[in-house]
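Participant: Please see the structure below; I have some questions.
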Amino acid sequence: MPSISTTLPDLCRSQITISFHSSNFHVAIKIFNAVSDTGIGSCLEEFQDLNCSSIIAAEFWDGILSVKTTAICDDEIYHYHLNLRKNISSSRTLTRLPSNPKNGLKFSGTEVYLSISESIDVLVSAINHFFQKIMILNIPNIAIELVTEREDIPGSRCENVFLANKSNPGPLSTSNVECLKSGLEDYVLRHGNSLTQKCNTCFATSERLKVGSGIACSTENHKSSGLMMEVVVIISELESKCPCFRECSSKTEVLYFKDFTPCSISHSTLNVLSTIDWQSYGLTLENVVDQGVCVLEWGDSPSHSQIDMVLHCYHKQYPMHKTQPEQHLIKKAVTAALNNLKETHPGILRSAHALKICSHAPDLARSIAGLILSSNDPDFQGECFSLLGLESREIGANAVEDCIQEKIVSVIEMNDRKPRQRNVVAPSLFEDDCDQDSSYQDKEYEEGEDEFIYLD
């Protein structure tokens, strides 16, 4: 197979090679990262800050990393050893080994080597699953190649390529949140990566996916590298008779990425998700469960619909100082994404208050239509038909009633999409009891300077 970096221009190529011998339970893993355009090499501090003790047990790995790295401007390839079992803050240091000359050649890249005692099938399955999750980020200029080979069997080399949007690659200038939207859409269309391609039975048309996105960010200054929180929420409408219909539609698995890497969600983040005013979007959150992944359990999710959500927190540049927690940005970004969904897809995520008012719309429309049609004043009727956008006075009663109901619901939805102003008394058709109860959480997690937007 030709090299990825020569087949596709302007790509950063990462190659993971797993080599093993049938008589040896130890598996050697070599990670090669070839940077084809920037030539900046790797930031060694990133390796020093790695925390792998909770990921790989000591019985499987001694914690030793062997790192080789070079930048375009370097004349040598630098070698280091690092023991990740040592404490991060005190004794963990990079041990520099003799370098190799580049003999005038211009290239950049990083190679990491480690040896793990694990079953090859278990290891390859876990790495494949990890890369499939990374593909949700849909980064257009990253290609990952997984190579497995048995040292005792010639010709046993097997290659697997992970490339974002292989069938329809987007431009390299696409923003991260747009890539995230496209990646989550692909994830949903393949039923959570359980299928190798889009499920045409459930998703014959793209209209079955309702997508919303939101961004919150902290201010970038000399003390902060700028923290970004991007959220994408997708509501997919599924036919109950579809063989792929998931019975767990009352649950949402929240996918979480930090600095472009899949990771687990902290308990503080779980707490933030529980403080969001879900009732403003017609949802009742019954429980937030930590099952290795975060799962939101709904009391009344939309019928025959599945809600999927992904959160991505990253720094605009590598942080040189300890950064503030991202919890204060999560609530803003999730809320912005939900507001974006309501704005771009009228009729979904109506608040409990809006649903209550809408339930009275048919009776109200019927009464107004009856008043208009029973009037003996042709000028009055003509003025009413003109306001409703109806041209013919011969139109039937049902059409007038439907038109009035549509306009009533439209106004209700328009007001439901407006930001909810707390502590402001305004005239309302009905008292919204949840207004007083939901304001107690609004000022939590507001530390730091930040702003938020939602995207069309």
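Participant: Checking the table K133/K418; K251/K418; K86/K106 against a 32 Å threshold on Cα-Cα, which pairs fail?
Facilitator: Check vs 32 Å cut-off fails for K133/K418; K86/K106.
Participant: Return the sequence-ordered ³J(HN,Hα) values of the range 326-333 in whole Hz as given by the Karplus equation 6.51 cos²θ - 1.76 cosθ + 1.60 applied to θ = phi - 60°, using x for Gly and Pro.
Facilitator: 8, 4, 5, 8, 4, 4, 5, 5
Participant: For the range 108-169, what percent of Cα pairs sit more than 13 Å apart?
Facilitator: 73 percent
Participant: On to the next question. Would you grab the residues whose amide H sits under 5 Å from the one on L311? Only those 5+ places off in sequence or on another chain, please, with H modelled 1.01 Å from N.
Facilitator: When sequence neighbours closer than 5 places are left aside, the close amide H contacts are L255, Y256, F257.
Participant: What does the charge count around E401 come to, taking other residues whose C-beta lies under 14 Å from its C-beta (Lys +1, Arg +1, Asp -1, Glu -1)? Write down the numbers at each step before the final one.
Facilitator: Working: positive: R366, K407; negative: D363, D402, E406.
Computed value for this residue: -1.
Participant: With each label point set 7 Å from Cα along the Cα-Cβ vector, what nm distance links D363 and N200?
Facilitator: Placing both labels 7 Å beyond Cα along the Cβ direction yields 4.9 nm.
Participant: Report the label-to-label distance for N271 and H304 in nanometres (one decimal), using points 7 Å from each Cα along the Cα→Cβ vector.
Facilitator: Inter-label distance under the simple model: 4.1 nm.
Participant: What does the net charge come to around C179 if you take all other residues with beta carbon closer than 12 Å to its beta carbon, with K and R at +1 and D and E at -1?
Facilitator: Net charge around C179: -3.
No value in this document is a laboratory result; all are computed from the given coordinates. Bear in mind the structure is a predicted one, so any value in this text is a computation, not a measurement. Note: ideal-geometry Cβ built from the backbone for every residue, glycine included; neighbour counts use all protein chains shown.
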